[in-house]
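**Student:** One structure, pasted below without further comment.
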Amino acid sequence: MSTVATDATPPRHASRPPTRWLILGVICLAQLTVLLDNTILSVAIPSLTEELGASTADVQWMINAYSLVQSGLLLTAGNAADRYGRKRMLVAGLALFGVGSVAASFSQGPGQLIAARAGMGVGGALLMTTTLAVVVQVFDDAERPRAIGIWSTANSLGFAAGPVIGGTLLNHFWWGSIFLINVPVVLVGLAAAVKLVPESREPAGERPDPLGTLLSVVGMAGVVYSIIAGPVHGWWSTPVLGTAGLGLAGLAVFAWWERRVQHPMLDMGFFRNRRFIGALAGGILVAFGMGGSLFLLTQQLQFVLGYGPLDAGLRTAPLALTVVVLNFTGLHARVLPRLGTPLTIALGMTTLAAGLATAAVFGSGGYGGMLSGLVLMGIGVAFAAPTMANAVMSAIPPRQAGVGAGLNGTLAEFGNGLGVAVLGAVLGARFTALLPATITGAASLPAALAAAHTSADQSAVRHAFASGLRTGQLVGSVAVLLGGLTAALLLHRAARVPARR
């Protein structure tokens, strides 16, 4: 078993493990396992509905149980990795994810599958935090930008490959195969992690913060649940307002407690660091624009351009493939030292915003216009996403790399959910405002088309929906552009201020 010194604050130019690139391969494999599972599930919804007798609410919880548990535990998982060992938590995450996958594949009903997905969320939280934390530990300042760029391509590769793998499996096997496929990947990842990944942890040792853990879980789970449930139950409904209030109160008490406890799980002093704040703000806006816009793009491909779910998924692949190609060729790692973090982020976010706007303006006329937008979005993400992650991790002491990774993942999940909720609300408001006066009470395109009794009304309904999609995408584009420029400005102002260590 490979080991390194347990002191997690080595000199910035300490010797680098000779197997570091193999270690990165293990890390990317673990990351890819989690991301493939989520994208594969999206194409299996019809099969789950038919073969398990799942209702719409059941399907929503099959998806949301994982997201809710993972979001609530990311910060706690990162803290556990720092305290108890990043390799140990990586192995535990892989094992939990594998066991959950087996349980999911042989579930006999919706309830069992939802429970299994929640268990997989625990493993996913450990993997999402430990993978980035290990990258920070084994790569020095010179190589870390390229390593993080390659790490970030696992997100894009999982997004691109998931629908293809899922569709292939469902065409030849039963629905449980989409979860069972995780098991051999997990076994390979476990063997490689045990053999190659060095152990590291915070020198302070095992000093838990149980109240901080509880408050962070309650706070994040409450906020994320309210974002998930808002479009379903209504933003002003009692469940949504109640969970949002509980979540915000939990986070407020968490911040108060962390400033007073002797060994906090999160040093609140980080939030006085402009570099840290700028990177987090940009990361949220990247997730906001990507999550919300992809939610709209898939509907545009299916409802406006007429593609089926699998074909629609395949036609979003150029975005992910662009990210993969650019990051594996090392373009981001070569540009970052020349332009610096603020300009690289500004370049990436501006290109991402241009891609969103291109897809909005030209995407309704055919796939060619959307393809141009997807490629531009991929270029923007290839520059912005790894630069944001590198900026966050560079602003945090290496001994707290797990917490930094957990916070980075938590806010990305928050931005993604918020993007779906806000841009989905913009779509809904614009759509209902443009519906013909003869159609009332229709909250979705299928419902509105069912209520349209003339060809003129059906054409008006489709036009209203396309207009709503375009408006939502343009709002996302403006938000990404302004957020990216704001993040770049904050990082530029912080450039002369040393990061807190």
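The values are calculated or read from the model by the stated rules, or taken from the named source; none is laboratory data. Being a predicted model, the structure only gives us computed values, none of them experimental. Every residue, glycine among them, receives a Cβ derived from its backbone with ideal geometry; neighbour counts consider all protein chains shown. These accessible areas exclude ligands, DNA and RNA; they are computed on the full protein's heavy atoms, side chains included. Shrake-Rupley method; radii C 1.70, N 1.55, O 1.52, S 1.80 Å.
Residue-wise test of (1) surrounded by 18 or more Cβ atoms within 10 Å (Cβ to Cβ); (2) of a type in the set (A, V, I, L, M); (3) free of Cβ contacts under 8 Å to residues at least 60 places away in the same chain; (4) closer than 30 Å to A147 by Cβ.
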site: A384; (1), (2), (3), (4): yes, yes, no, yes
site: F414; (1), (2), (3), (4): yes, no, no, yes
site: L423; (1), (2), (3), (4): yes, yes, no, no
site: F431; (1), (2), (3), (4): yes, no, yes, no
site: L445; (1), (2), (3), (4): yes, yes, no, no
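**Student:** With the checklist (1) surrounded by fewer than 20 Cβ atoms within 10 Å (Cβ to Cβ); (2) within 30 Å of L491 (Cα to Cα) in hand, flag the one item F288 doesn't pass.
**Tutor:** The single condition F288 does not satisfy is (1).
**Student:** Could you check how many residues of segment 120-166 are open to solvent by less than 10 Å² (accessible area, probe 1.4 Å) and among the acidic types (D, E)?
**Tutor:** Total satisfying the criteria: 0.
Table: residues versus (1) closer than 30 Å to G402 by Cα; (2) without any contact (Cβ under 8 Å) to a residue 24 or more places away in the chain; (3) of a type in the set (G, A, S).
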| site | (1), (2), (3) |
| --- | --- |
| L266 | yes, no, no |
| R274 | yes, no, no |
| L285 | yes, no, no |
| G289 | yes, no, yes |
| L305 | no, no, no |
| L314 | no, no, no |
| F328 | yes, no, no |
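**Student:** Take V375 and decide whether it is surrounded by fewer than 23 Cβ atoms within 10 Å (Cβ to Cβ), more than 30 Å from E202 (Cα to Cα) and over 20 Å from the mean Cα position of the chain (by Cα).
**Tutor:** Numbers: surrounded by fewer than 23 Cβ atoms within 10 Å (Cβ to Cβ): yes; more than 30 Å from E202 (Cα to Cα): yes; over 20 Å from the mean Cα position of the chain (by Cα): no.
Taking the combined requirement at face value, the residue does not satisfy it.
**Student:** Look at segment 221-252 and say how many of its residues are in contact (Cβ under 8 Å) with a residue 24 or more places away in the chain and either under 30 Å from H492 (Cβ atoms) or buried (at least 17 other Cβ atoms within 10 Å of the Cβ) (or both).
**Tutor:** Result for segment 221-252: 12.
**Student:** Pick out the one residue from G378, G428, G417, G348 that is assigned to a helix (DSSP H, G or I) and closer than 15 Å to G483 by Cβ. Let's see the steps before the verdict.
**Tutor:** Working: G378 fails: closer than 15 Å to G483 by Cβ; G428 fails: closer than 15 Å to G483 by Cβ; G417 fails: closer than 15 Å to G483 by Cβ.
Among G378, G428, G417, G348, only G348 is assigned to a helix (DSSP H, G or I) and closer than 15 Å to G483 by Cβ.
**Student:** Show the residue pairs that are 6+ apart or on different chains and have beta-carbon atoms under 6 Å apart, the first residue being within segment 396-407 and outside any helix (DSSP H, G or I), the second being modelled with pLDDT under 75 and surrounded by fewer than 24 Cβ atoms within 10 Å (Cβ to Cβ).
**Tutor:** P397/R501
**Student:** For the condition in contact (Cβ under 8 Å) with a residue 60 or more places away in the chain and crowded, with 18+ Cβ neighbours inside 10 Å, what is the one hit in L435, L481? Can you show your working first?
**Tutor:** On the way: L435 fails: in contact (Cβ under 8 Å) with a residue 60 or more places away in the chain.
Matching residue, one of L435, L481: L481.
**Student:** Another question, then. G404: buried (at least 24 other Cβ atoms within 10 Å of the Cβ), within 20 Å of P264 (Cα to Cα) and at pLDDT below 80, yes or no? Full working, then the answer.
**Tutor:** On the way: buried (at least 24 other Cβ atoms within 10 Å of the Cβ): yes; within 20 Å of P264 (Cα to Cα): yes; at pLDDT below 80: yes.
Considered against the rule, which asks whether it is buried (at least 24 other Cβ atoms within 10 Å of the Cβ), within 20 Å of P264 (Cα to Cα) and at pLDDT below 80, G404 comes out as yes.
**Student:** Identify the single condition in (1) surrounded by fewer than 23 Cβ atoms within 10 Å (Cβ to Cβ); (2) among the small types (G, A, S); (3) on the phi < 0 side of the Ramachandran plot that G85 does not satisfy, given that it satisfies every other one.
**Tutor:** (3)
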